[in-house]
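Taking it in order: structure first as structure tokens, then the write-up.
The values are calculated or read from the model by the stated rules, or taken from the named source; none is laboratory data. Since the structure is predicted, the reported quantities are computational estimates derived from the model, not experimental observations. Cβ: placed from backbone, ideal geometry, glycine included. Neighbour counts: every protein chain shown. Remember, those area values only see protein heavy atoms, side chains included, never the ligands or the DNA or RNA. Shrake-Rupley method; radii C 1.70, N 1.55, O 1.52, S 1.80 Å.
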Amino acid sequence: MTSRSAVPRYRAFTGPALFRQGFRPFFLAAGLWAAAAVPLWLAVLLSGLAVPTLFDPLAWHAHEMIFGFAAAVVAGFLLTAIPNWTGRLPLQGLPLAGLFLAWLAGRAAVSTSAVIGAGPAAALDLAFLVLLLLVALREIVAGRNWRNLPLLLALLALIAANALSHLEAAAVIDTGRLGARLGIATLVLLISLIGGRVIPSFTRNWLVKNGAATLPASFGGFDKLCLAATLLALLGWVFAEAQPLAGAALILAGALNFVRLARWQGHRTLSEPLVWSLHLGFLWVPLGLALLGLGIAAPDLLPTTAGLHALTAGAIGGMTLAVMTRATLGHSGRELKADGLTTTIYLAVATATGLRVAASMAPEFYAPLLLASGAAWSLAFGLFAIVYGRIHLSA
């Protein structure tokens, strides 16, 4: 994913700082929604709190983590990265505010779908991803940035996955779990693709700056092999989740990604949290793939939910925080240096993931581990919203 310009150019803008750059509203909203939605779901699950949605509690939780929280991060990332890739002016001001309002409308619509109806809820929720796709398509085509067309396929996959989730909520066809798997697989593939570019690049820059002799392996044939194996394994899981062959493919993809991660020299960056957080976030990709595969291959020994939450809370949660913190600092002109609170954010989301995986593997302690995981997750994203929200809201 090469770029035409190192730093995006911006129009003169005198409106609210929140809508000056694409990452600002979406990263802040992602942090706030991630911090709030998990305790809200726990209250629904454990105390019977009612949310007027057509989604059952587990489906609502999965939907809002994938198509609410994670989709907001994807939007913030793309709206910031695409100008780098194309050299075109970024989305700002009213168009950016309109896209953000579409995301907010989707969250409200899904959470009140039992009141407004399945059709209006689906239309309002899907509108955000469709608008994001159209914006990305316009910029990539206008900038003739054909190299990044696969990202449009990822957005199409997220739209399809979200539509499948809504079809079940509307009692049309039982495709909710398929939609959730497709959404998760798409996000993990995006992490594998984009992470495979930015992690070794940022690591190399930091190591060179600090005089290291051993540098990360550049993107090459082995990375392409890993991506192909990960794609095939995740497709097998999406469309044939219980098949032993799908489990074996996931285990193989996990092993290949372990090797891939080791080639990036993350162990040499332990003094800089902004760098090692990327490696720690990506570590959950091979762990999650392997655990998910083992859960399929040996369901009596390991539940598939262990691997599922390693991929979702760990890979998606950890990588999004690592990327959001770094991008916020870099694109607001601040020093790329993590303070103590930022380090706490990274450690909290890793703790949340470990506890959530443990809850899947220790059913006798499920409730307390689940609550502890939720608390650590909300701490991580709540801290992000507080610490980095000040930057998002400032000029």
Helix-only mean residue ellipticity at 222 nm, the chain, DSSP H runs n ≥ 4 weighted -39,500 (n - 2.57), per residue, nearest 500. What is it? -24500 deg cm²/dmol
At 7 Å along the Cα-to-beta-carbon direction for both Thr14 and Leu270, put a label point, then send me their distance in nm to one decimal. 5.3 nm
Note to self: C-alpha centroids of the stretch 158-212 and the stretch 277-346 sit apart, in Å, by 11 Å
Identify, among Gly330, Gly314, Gly340, the residue whose Cα sits farthest towards the positive end of the charge dipole of the chain, taking +1 on the Cβ of Lys and Arg and -1 on the Cβ of Asp and Glu, with the dipole about the Cα centre. Gly330
Treating only Lys and Arg (+1) and Asp and Glu (-1) as charged, each at its beta carbon, one finds that the stretch 19-173 has a dipole about its Cα centre, in Debye to the nearest 20, of 660 debye
Of Leu134, Leu190, Leu291, the most mobile residue in a GNM of the chain (C-alpha springs, cutoff 10 Å) is Leu134
Extension reserve of the Ala170-Ala36 stretch, reckoned as 0.36 nm per residue once the Cα distance is removed: 45.7 nm
Simple SL model, points at 7 angstrom along Cα→Cβ for Leu156 and Lys337; separation in nm is 4.6 nm
From the mean inverse distance of alpha carbon pairs (Kirkwood) and the Cα radius of gyration, derive Rg over Rh for the chain. 0.94
Computed over the stretch 56-115, protein heavy atoms only, probe 1.4 angstrom, the accessible area per residue in square angstrom equals 29 Å²
GNM of the chain, Cα pairs under 10 angstrom: of Arg138, Arg177, Arg24, the biggest fluctuation goes to Arg138
Taking the chain as a Gaussian network, Cα atoms linked when under 10 Å apart, which of Val130, Val188, Val238 shows the biggest mean-square fluctuation? Val130
Whenever you get a sec, line up Lys209, Lys337 from highest to lowest accessible area (probe 1.4 Å, protein heavy atoms). Lys209, Lys337
Describe numerically, in nm with one decimal, the distance between label points set 7 Å from Cα along Cα→Cβ at Arg177 and at Trp146. 4.2 nm
Can you give the net charge of the other residues whose Cβ lies under 15 Å from the Cβ of Ala30, counting K and R as +1 and D and E as -1? +2
Could you list which residues have their amide H under 5 Å from that of Thr53, counting only those 5 or more apart in sequence or on another chain, with H placed in the peptide plane? Ala114
As an exercise, use a Förster radius of 45 Å and the Cβ-Cβ distance of Ala163 and Ser201 to find the FRET efficiency, rounded to the nearest 0.05. 0.85
Theoretical FRET efficiency, 1/(1+(r/R0)^6), r = Cβ-Cβ of Glu241 and Leu215, R0 51 Å, to 0.05: 0.85
